[in-house]
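> Take a look at this one; I'll ask things after.
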Amino acid sequence: MSNRKGQESGSGAAVLVAIITLLIILYILFIPPAERERILGVNETAQKSGTNVSTEIVHNKTLVNEQPGKIFYLPQKDIEHELPTVNLYTKTEGVIVKEVDSITLKKALFVDKKQNITFLLEHPEYSKSVLLSFNLLRSTGGELIIKLNGREIFNKAVSGIVEPIKLPNEFLKHDNVLEMEASGIGFVFWKVHDFSMENVKITADITEMAASESKSIFVVSRSEKENLDAASLRLFAGCQREHVGRLIVEINGYDIFSGIPNCGQVRTYEFSPEKLMEGENILRFKSEDGHYLLDQIMVKTELTEPEQYVWFFRLSNTEFKEAKENDIDINLSVEFIDDSYKEGYFVINGYETGFSSKDPVESWIINPYIREGGNTIKLNPKNNMFITDLRVFIE
């Protein structure tokens with residue numbers, strides 16, 4: 001009986017020892033390596049045996065390997081394109097478009113005498129109050145029939161003083177034909193319809209539009225175009241509302257504004273930045289009537305937030321010490337797409353190193369600027385460039 005109790009007691013103690021041993025092993029496996037080495041006495045053993053267990057420096061080790069591509073230089077958040085003052089005006093004058101000394105129209109049994117008058121209007125849309133006038137010398141009955149470009153505009157009996165006859169604007173063209181004739185005599189074959197007139201004139205109020213249009217040119221750079229976020233036009237309109245017609249404003253053929261602006265005020269008109277082009281852009285102003293003085297003209301573009309060109313790398317304690325003692329070199333190497341002019345500077349942990357050249361490759365040893373642990377490299381360009389390869393490596 002006592003032997004059995006002793007055996008049971010010994011078995012329980014063995015199990016307990018096994019459990020404690022397992023827990024110790026698990027604890028050692030899961031604690032940090034440095035603490036594990038301290039507990040196991042690895043460092044002391046290594047030091048006594050003269051063995052170096054520090055991290056080995058790997059030469060030609062790459063710390064950063066990037067292909068940044070297009071690098072934009074955006075010196076400001078918005079760009080203002082100021083343009084010169086514009087003076088628009090129209091001048092309307094009454095002119096004689098066509099003049100004929102005398103005309104005779106006759107309709108009888110075997111007589112049909114008509115008269116065609118041709119006349120030109122350079123800009124029918126700018127021709128107003130187009131009138132036919134004449135002095136009537138004789139009228140023996142019937143109706144005077146007048147057609148403009150094939151459309152009848154007058155069919156009446158006339159006598160005495162005849163008021164000027166208006167030629168409708170909707171029938172006017174660049175080349176015009178005015179047909180005049182006497183009405184037919186019908187079945188009364190012995191009758192004669194006869195009209196005689198002199199000092200026949202076609203007059204019109206012609207608006208001279210030569211000074212009613214103006215254009216200004218401004219240039220948008222590639223970096224500005226590729227980073228556009230918003231665009232607007234600002235201008236001051238000096239005018240008298242009751243004496244002006246529509247003002248039309250276009251950029252590269254797209255309407256920005258069409259109407260009568262607030263005279264005597266500065267207004268801003270927003271438009272899609274897609275309407276702007278890289279290189280030359282044309283801002284055009286047109287006035288339909290009256291006098292406009294456009295001042296304080298400015299096209300303003302707002303750009304997207306400049307991209308930050310930043311890269312990071314880490315140095316171990318050993319790498320940092322070796323670099324500070326110049327046993328190894330930490331290299332920054334940049335390769336450009338071509339040999340065009342590049343200018344800018346790198347900021348390495350707050351220290352600046354610049355470049356200004358046409359060389360396709362630039363490189364620096366940056367040992368003086370490094371620090372243990374995390375390091376930062378930032379590029380501040382001074383013009384646009386294209387970087388095909390950017391590397392930081394140990395040599």
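The values are calculated or read from the model by the stated rules, or taken from the named source; none is laboratory data. Since the structure is predicted, the reported quantities are computational estimates derived from the model, not experimental observations. Methodologically, a virtual Cβ is constructed for each residue, glycine included, from the backbone with ideal geometry; neighbour enumeration extends over all protein chains shown.
> Being touching a residue at least 24 places away in the same chain (Cβ under 8 Å) and more than 22 Å from ILE217 (Cβ to Cβ) is the filter here, so list the residues in the range 243-260 that pass it.
HIS243, VAL244, GLY245, ARG246 - these are the residues of the range 243-260 that are touching a residue at least 24 places away in the same chain (Cβ under 8 Å) and more than 22 Å from ILE217 (Cβ to Cβ).
> Taking the range 154-179, which residues are assigned to a loop (DSSP other than H, G, I, E, B), free of Cβ contacts under 8 Å to residues at least 24 places away in the same chain and farther than 16 Å from VAL130 by Cα?
ALA157, SER159, listed by residue number.
> Let me ask something else about it. Looking at (1) in a loop (DSSP other than H, G, I, E, B); (2) touching a residue at least 12 places away in the same chain (Cβ under 8 Å), can you tell me which one THR203 breaks?
(1)
> In addition: If you go through the range 205-247, how many residues are basic (Lys, Arg) and either in contact with a Cys (Cβ under 9 Å, 6 or more places away or on another chain) or closer than 13 Å to VAL86 by Cβ (or both)?
Qualifying residue count, the range 205-247: 2.
> Could you tell me which numbered condition GLY290 fails, if it satisfies all but one of (1) in contact with a helix residue (DSSP H, G or I) (Cβ under 6 Å, 6 or more places away or on another chain); (2) outside the structural domain of LEU233 (by TED's automatic domain parsing)?
With respect to (1) in contact with a helix residue (DSSP H, G or I) (Cβ under 6 Å, 6 or more places away or on another chain); (2) outside the structural domain of LEU233 (by TED's automatic domain parsing), GLY290 is out only on (2).
> To continue, here is another question. Scan the range 141-191 residue by residue and report those that are among the β-branched types (Val, Ile, Thr), modelled with pLDDT under 95 and surrounded by fewer than 16 Cβ atoms within 10 Å (Cβ to Cβ).
Correct list: ILE161, VAL188.
> Give the residues of the range 263-303 that are at positive phi, among the small types (Gly, Ala, Ser) and in a strand (DSSP E or B), sorted by residue number.
GLY279
> Then there's this: Tell me the residue from GLY373, GLY354, GLY279 that is without any contact (Cβ under 8 Å) to a residue 12 or more places away in the chain and surrounded by fewer than 17 Cβ atoms within 10 Å (Cβ to Cβ), please.
Residue meeting the stated conditions: GLY354.
> Additional query: Cβ-Cβ under 8 Å, sequence separation 6+ or interchain: first residue in the range 323-349 and within 20 Å of GLN67 (Cβ to Cβ) and touching a residue at least 60 places away in the same chain (Cβ under 8 Å), partner acidic (Asp, Glu) and surrounded by fewer than 15 Cβ atoms within 10 Å (Cβ to Cβ). Which pairs?
Sorted first by the residue in the range 323-349, then by its partner, the pairs are ASN331/GLU395; SER333/ASP389.
> Let me ask something else. Identify, from the list SER363, SER333, SER340, the residue that is surrounded by 12 or more Cβ atoms within 10 Å (Cβ to Cβ), touching a strand residue (DSSP E or B) at 6+ places or on another chain (Cβ under 8 Å), of a type outside the set (Asp, Glu) and assigned to a loop (DSSP other than H, G, I, E, B).
Result: SER340 is the single residue among SER363, SER333, SER340 that is surrounded by 12 or more Cβ atoms within 10 Å (Cβ to Cβ), touching a strand residue (DSSP E or B) at 6+ places or on another chain (Cβ under 8 Å), of a type outside the set (Asp, Glu) and assigned to a loop (DSSP other than H, G, I, E, B).
> Additional query: I'm checking my understanding of the structure. Among residues of the range 55-80 that are among the polar types (S, T, N, Q) and at pLDDT 90 or above, which one is nearest to MET385 (Cα to Cα)?
Among residues in the range 55-80 that are among the polar types (S, T, N, Q) and at pLDDT 90 or above, the one nearest to MET385 (Cα to Cα) is GLN67.
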